[in-house]
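Working notes, beginning with the structure itself.
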Amino acid sequence: MEQKQKLSNVSPNRLTIEDAAALFNLTIDDALLVRNEIGEMANVALTELEQTGRAFRAQTNRSKKSQLTDQVNLERKVCVDGYAEIKKTVVFESSSRIEQRKKAATDLQFFLKPNWDITKGPIGDQIDQTEKLVLQYRANPLLVMAGQTISIDMLMNELDANNANLKTTFKARELEEGKQEPSGSDLRPAATDSYNRFCNIIEQAVNFTPNPAIQELFIKMDMLRKRYHALQSGGKDKDAAPSA
């Protein structure tokens, strides 16, 4: 029995809002070229995807045009670079030949380990986790003493201040975007459902009612899914994956 064709795996909910919108709308663009040849059920699903996907992209584009986005990105980079400097110092000092500095660095590295990659996650998570990290650091006199020993105490204070600035700007942008109805995040679930439904129908069509147009569309969709699979984040699916 001939093995059924399956689309490559991709999880839209692990993509940033911008990447998810791009995946949906590139798929729509390819499908519209052959919509008269893909069958009635696929056509109905495409119409739904066109409505939800285009609305999602339009709202996403409006959100990206926020005047505060550049400031958010700049302030986030300051925080990312500051935290990177702290980690770099800790790693370097953990190999120090001076036992006191090595011990301080080792203790701090153990403390930072659960939050080592906080700057790689969604910006909202980064802000919250950085805030908690600094609070935990300050609440432990031994950690503060260790930070002073290898000269990162001032860097921790700078990270705290810079993170507070980022939080203020990020909240201001959220408030600005919240005035736009509906938001990109609100439209994402419907667009994702429409996309998944359309993909399932095309997958069934290429296996049970194939024709050259469906075959070509299947290949194009599969290539897109492979491309965007490489961009998706790890972890469990989320309703949204905010990016700056």
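General remarks:
- Ligands, DNA and RNA excluded, the heavy atoms of Thr169 present near 10 Å² of accessible surface to a 1.4 Å solvent probe.
- Compactness ratio for the range 67-178: Cα radius of gyration over 2.2 N^0.38 Å (N = residue count) comes to 1.14.
- 10 Å Cβ shell holding at most 15 others, DSSP loop, trypsin sites (Lys or Arg not before Pro): longest site-free stretch of the chain: 98-178
- Global size of the range 1-56: 13.1, 42 Å for Rg and Dmax (C-alpha atoms, Rg to one decimal, Dmax whole).
- Tilt relative to the chain, helix 69-93 - C-alpha long axis, 0 to 90 degrees, to 10: 50 degrees
- Net charge dipole size for the range 1-104 [Lys, Arg +1 and Asp, Glu -1 on Cβ; Debye, nearest 20]: 780 debye
- Placing +1 on each Lys and Arg Cβ and -1 on each Asp and Glu Cβ, with no other charges, gives the range 67-178 a dipole about its Cα centre of roughly 480 debye.
- When the alpha carbon gyration tensor of the chain is reduced to an equivalent ellipsoid, the three semi-axes, largest first, read 47, 22, 12 Å.
- The charge dipole of the chain, taken about its Cα centre with unit charges on the Cβ atoms of Lys, Arg (+1), Asp and Glu (-1) only, comes to about 620 debye.
- Options Leu32, Gln109, Tyr228, ranked by Cα towards positive dipole end of the chain, top entry (Cβ charges): Gln109
- Of the GluC sites (Glu not before Pro) found in the range 1-61, those in coil by DSSP whose Cβ has at most 11 other Cβ atoms within 10 Å are Glu2.
- With 0.36 nm allotted per residue and the present C-alpha distance subtracted, the Lys120-Ala172 stretch has 16.5 nm of extension available.
- Fraction of accessible area attributable to carbon and sulfur, the range 67-178 (%, probe 1.4 Å): 55 percent
- Contact order normalised by residue count of the chain, Cα under 8 Å, 6+ apart, percent: 45 percent
- Selection from Ala21, Gly124, Met145 lying farthest towards where the dipole of the chain points positive, charges on Cβ: Met145
The values are calculated or read from the model by the stated rules, or taken from the named source; none is laboratory data. Fair warning: this is a prediction, and the values are worked out from it, not measured in the lab. Please note: Cβ atoms are built from the backbone with ideal geometry, for glycine as well, and neighbour counts cover all protein chains shown. Just the protein is used for accessible areas: all its heavy atoms, side chains included, with ligands, DNA and RNA removed. Shrake-Rupley method; radii C 1.70, N 1.55, O 1.52, S 1.80 Å.
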